[in-house]
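Below: the structure, in structure tokens.
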Amino acid sequence: MSLLRRRDGPRIKYVGEDAGPYDTITVDKLTPIIGGEIGGVDLAQPLGNRMLDEIHRALAENSVIFFRDQHLSKDQHLAFGRLFGELHIHPRHRTRPGTPS
């Protein structure tokens, strides 16, 4: 059995190559293993390439990220989610046809 499939096996954590500090955002770790709170970002405004790269890096390093006190419209929220890939609509969620929510 593969070490990655065993429940008692090693846990793999992303470690970037000489990642260094963040330039455009702040990241406060919530636990030593998982979770980071992102600061210095207004998700209602357009994000620069550097900031978006750092948000992606923070997600890779922390597995879960949080943005506090954001005021987004539904369309802005969906647009931000699409920056990470195709959106998935859970099959049990009721939504208007053709509209992710």
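Cβ-Cβ distances below 6 Å connect the following pairs, each with a first residue in region 26-53 that is touching a residue at least 24 places away in the same chain (Cβ under 8 Å), a second residue that is of a type in the set (S, T, N, Q), and a separation of six or more residues or different chains: Ile34/Ser63; Gly35/Asn62; Gly36/Asn62; Gly39/Thr26; Leu43/Gln70; Ala44/Gln76; Arg50/Thr24; Met51/Thr24.
Restricting the search to region 31-65, which residues are aliphatic (A, V, I, L, M) and open to solvent by 50 Å² or more (accessible area, probe 1.4 Å)? Working first, answer last.
Within region 31-65, the subset aliphatic (A, V, I, L, M) is 33-34, 38, 41, 43-44, 47, 51-52, 55, 58-60, 64-65.
The answer is Ile33, Ile34, Leu59, Val64.
For region 34-64, a tally of residues being acidic (Asp, Glu) and modelled with pLDDT under 95 returns 1. Selection of first residues in region 64-82 that are on the phi > 0 side of the Ramachandran plot and of second residues that are open to solvent by less than 50 Å² (accessible area, probe 1.4 Å), restricted to Cβ pairs under 6 Å at least 6 apart or on distinct chains, gives an empty result.
The values are calculated or read from the model by the stated rules, or taken from the named source; none is laboratory data. Model, not experiment: these values are computed from the prediction. Don't worry about glycine lacking a Cβ; one is built from the backbone with ideal geometry, like all the others, and counts go over all protein chains shown. Areas reflect the complete protein model, heavy atoms only, side chains present, ligands, DNA and RNA absent. Shrake-Rupley method; radii C 1.70, N 1.55, O 1.52, S 1.80 Å.
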